[in-house]
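No lab work stands behind these numbers, since they all come straight from the coordinates. Note that the structure is a prediction, hence the values are computed from the model and not measured. Cβ placement follows ideal geometry from the backbone for every residue including glycine, while neighbour counts extend to all protein chains displayed.
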Amino acid sequence: MATPLPAEAPAPIDDPIKRNRSEGVVVECNGTEAKITTKAGAIEATDDYWAVGQLISIQVGKNRVVGLLHRVENDDETWDPDEQNTITLHVELSGEVRPDTHRGFVFSGGITQYPYIGAIAHKIRKQDLVTIYKSSDASAITIGSLSQAPDIPAVISVDSLLSRHFAVVGTTGTGKSTAVTLILHLIAKHKLNQRILILDPHNEYTSAFGNKANTITAETLDLPFWLLNLEEFQQVVFRGREGSQEEIDALREFIPKAKTLYRYGAQKGVRRKGGAGATFTADTPVPYRFADLMKLMDEEIGSLDGAMRRLTLRQLRGRLEAVVNDPRFSFMFGSHDATDRIEDVLGNIYRVPLDNMPITVFQMSGIPSEVVNSVASVLCRLAFDIALASQSKVKTLVVCEEAHRYIPADVNSAFAPTRGAIARIAKEGRKYGVSLAIITQRPNELDPTILSQCNTIFSLRLGNDADQDVMRKAIASGSRSTLAFLSSLADRECIAFGSAVSTPMRMRFRNLAASARPSSQNVSDGESIQAAAQTSLGEIVYNLRGAAAERDEQDDDEEWTINSNALAESFPEPEQVDLAHEVSLKRRSLLRRKTD
Ligand SMILES: Nc1ncnc2c1ncn2[C@@H]1O[C@H](COP(=O)(O)OP(=O)(O)O)[C@@H](O)[C@H]1O
Ligand SMILES: [Mg+2]
């Protein structure tokens with residue numbers, strides 16, 4: 001039977017025997033845990049008590065082994081307020097502080113000398129806390145303070161943070177968006193050449209960044225249809241539903257032809273005997289005229305005998321017409337001239353040049369869902385393609401708010417191209433300097449393969465068991481007991497795990513001024529950011545389209561100097577019919593050969 005605590009504890013503070021802070025002694029230890037026995041009295045008037053969440057240190061020779069106190073027990077379940085009671089402390093070992101000839105003391109995860117039975121344990125001294133969480137990294141930024149010692153800064157390494165991907169998880173209202181905004185402010189301040197693209201489903205980020213942010217809204221969005229790859233275009237044409245394979249094949253066939261026609265004109269097509277489309281695929285980001293696409297299809301319809309094929313093309317034609325006339329898609333088809341605006345479009349979104357505005361916010365709220373999906377997927381895909389084409393000079397951090405919406409655990413409910421584009425960044429982005437910030441209140445509903453690519457995680461409070469389980473799986477076993485605290489963190493408090501911190505760090509985010517927070521109506525402090533190394537857009541576009549296509553174009557410059565307007569006027573000429581015919585003959589002969 002436990003003796004109930006007295007309503008009012010006596011307070012003989014000056015009696016050291018009664019203080020709730022006797023040293024502990026290790027009585028049991030395995031590879032990961034130590035059990036410590038100690039005495040405790042009844043003093044509540046001081047903060048000298050053992051409690052879960054504290055870090056403790058165990059003296060082993062010259063080293064101090066560090067561990068997290070995650071369970072406290074009173075062995076015989078009785079309590080005598082006037083006596084010293086024996087209690088047991090359960091500690092998960094996390095690393096050690098060692099003397100270093102050059103740096104005083106250093107901390108490292110992992111333990112070289114385990115505690116022996118009888119080793120003495122203390123609550124950790126402040127200097128050791130500083131040693132554990134300080135960062136020698138030049139890219140260190142202070143994002144808050146330690147929960148255990150609010151006067152010690154909580155520091156993370158930006159370079160490590162951006163070298164892979166990071167995630168911020170936590171129940172709604174715990175402070176995720178504000179924490180991310182804080183981190184983004186610091187990145188923008190310290191990493192001068194870092195671009196940030198925010199997919200913002202609640203239109204809340206623009207106000208946080210003031211004049212550092214370039215905002216894309218439904219009204220200002222300018223994304224020519226020819227920038228879409230076939231998969232994305234298909235989603236637009238079939239309104240997010242699965243399209244007929246025959247129609248998709250027709251798009252795959254006619255889009256490169258329309259591109260060739262626009263780029264080289266009809267004559268070139270003839271000269272190449274149907275091989276002209278060889279350098280373009282339906283995915284190459286070069287312009288074409290929508291009218292050309294329609295005309296090419298019409299010509300094919302006119303020259304065909306096969307009723308089936310004719311039906312397919314007619315259906316597709318009807319669909320294309322409907323999309324072009326849909327005002328919701330006017331940002332894609334609005335400008336009917338197919339001038340090559342790729343440099344303007346990409347330069348604006350991906351901040352080349354930076355122009356002191358490293359952040360692009362894509363405000364998704366207010367844009368119809370099927371449109372949002374196509375656009376988000378193009379933006380994510382191009383962030384990767386541009387990093388690749390710029391040889392990593394244009395590095396973008398893609399911030400995915402409400403990430404479980406586009407990259408859900410359930411593959412079937414995801415919009416395939418967006419999911420694909422984000423998954424590609426998750427898997428390969430590191431090589432080219434593209435990273436992800438994944439924000440979600442439901443880690444359980446997020447694609448686990450994406451979460452597994454995040455090697456820094458900031459977990460704010462998570463109430464839901466399933467969500468906590470996911471975090472347990474995502475985080476290295478050495479810090480499991482830390483996870484027990486996830487459900488009891490305060491607002492704005494988090495546990496930071498992974499490569500940007502030396503060991504799991506329970507911390508509280510800095511207070512962010514209202515004007516620099518998401519959703520705020522005010523403008524931010526307008527701190528100016530210097531544009532750093534810039535790169536040429538021409539070069540990026542060259543690489544994006546594939547050196548082959550451009551080389552081809554250069555070879556032909558002397559022969560085909562007719563400008564695109566002249567080509568437009570000369571259209572349609574009998575040659576175009578020939579081009580379509582040639583290509584279809586070629587295709588048929590190929591098909592015949594295949595079936596033979
Ligand atoms: N670091 C912070 N500094 C100041 N206020 C904060 C901070 N974090 C959270 N808040 C407050 O808490 C509220 C909820 O935070 P928010 O970031 O929107 O949460 P979440 O994105 O997790 O739903 C915000 O409106 C803000 O006022
Ligand atoms: Mg939020």
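Could you sort the peptides 174-184, 408-418 by per-residue average Cβ neighbour count (10 Å cutoff), highest mean leading?
Values: 174-184: 23.3, 408-418: 16.4.
Ranking, from highest mean packing down: 174-184, 408-418.
Are any of the pairs Lys393/Lys473; Lys212/Lys393; Lys427/Lys473 more than 27 Å apart by Cα-Cα distance, and if so, which?
Working: Lys393/Lys473 35 Å; Lys212/Lys393 20 Å; Lys427/Lys473 19 Å.
Lys393/Lys473, as the Cα separations exceed 27 Å there.
Within the stretch 233-266, find all residues whose amide N lies under 16 Å from a label point positioned 7 Å from the Cα of Met308 along Cα-to-beta-carbon.
244-250
On full extension of the chain, what length is gained from Ala490 through Thr220, given 0.36 nm per residue of separation minus the C-alpha to C-alpha distance?
Details: separation 270, 0.36 × 270 = 97.20 nm, distance 3.96 nm.
Net length gain for the segment: 93.2 nm.
Using packing as a proxy for protection, rank 86-93, 460-467, 400-407 so that the peptide with the highest average count of other Cβ atoms within 10 Å comes first.
Numbers: 86-93: 20.1, 460-467: 17.4, 400-407: 24.0.
Highest mean packing first, the order is 400-407, 86-93, 460-467.
Determine, from the Cβ-Cβ distance of Ser330 and Gln245 and an R0 of 41 Å, the FRET efficiency 1/(1 + (r/R0)^6), rounded to the nearest 0.05.
Values: r = 29 Å, r/R0 = 0.70.
Efficiency computed from Cβ-Cβ geometry: 0.90.
What FRET efficiency would be calculated for the residue pair Glu428, Ile120, taking the C-beta separation as r and a Förster radius of 56 Å, to the nearest 0.05? Walk me through the intermediate numbers first.
Working: r = 50 Å, r/R0 = 0.89.
FRET efficiency, Glu428 to Ile120: 0.65.
Quick check for me: using +1 on Lys/Arg Cβ and -1 on Asp/Glu Cβ, what's the dipole size of the stretch 340-436 about its Cα centre, in debye to the nearest 20? Don't skip to the end; give the middle numbers.
Working: 11 positive and 10 negative charges, 85 e Å.
With only Lys, Arg, Asp and Glu charged at Cβ, the dipole is about 400 debye.
Assign one of three labels to the stretch 419-504, namely rounded, prolate or oblate, based on the Cα gyration tensor with a ≥ b ≥ c the square roots of its eigenvalues; rounded applies when a/c is under 1.5, prolate when it is not and a/b is larger than b/c, and oblate otherwise.
prolate
Test of understanding: what is the full-extension gain from Thr78 to Asn412, defined as 0.36 nm times their sequence separation minus their Cα-Cα distance?
Contour length minus the Cα-Cα distance gives 114.6 nm.
Where a ≥ b ≥ c are the square roots of the eigenvalues of the C-alpha gyration tensor, would you call the stretch 64-180 rounded, which needs a/c under 1.5, or, failing that, prolate if a/b is larger than b/c, or oblate?
On the way: a/c = 2.44, a/b = 1.44, b/c = 1.70.
Oblate shape, in that a/c is at least 1.5 and b/c is the bigger or equal ratio.
So if we plug the beta-carbon distance of Gln59 and Ser139 into 1/(1 + (r/R0)^6) with R0 = 22 Å, what FRET efficiency do we get, rounded to 0.05?
On the way: r = 34 Å, r/R0 = 1.53.
Step by step, r from the Cβ atoms, then E = 0.05.
Just how large is the dipole of the stretch 165-258 about the Cα centre, in debye to the nearest 20, putting +1 at every Lys and Arg Cβ and -1 at every Asp and Glu Cβ? Walk me through the intermediate numbers first.
Values: 9 positive and 11 negative charges, 141 e Å.
Value, rounded to 20: 680 debye.
Whole Å is fine, so just give me how far the alpha carbon centre of the stretch 75-128 lies from that of the stretch 379-431.
Centre-to-centre distance over Cα atoms comes out at 44 Å.
Among 229-241, 317-329, what's the highest-first ranking by average C-beta atoms within 10 angstrom per residue?
Details: 229-241: 18.7, 317-329: 14.6.
Those peptides, ordered most packed to least, come out 229-241, 317-329.
With a point put 7 Å past each Cα toward its Cβ, work out how far Gln315 is from Arg71 in nm, to one decimal.
Label at Gln315, label at Arg71, 6.3 nm between them.
Charges at C-beta only: +1 for Lys and Arg, -1 for Asp and Glu. How large is the resulting dipole of the stretch 444-492 about its Cα centre, in Debye rounded to 20?
Details: 5 positive and 6 negative charges, 50 e Å.
My answer is approximately 240 debye.
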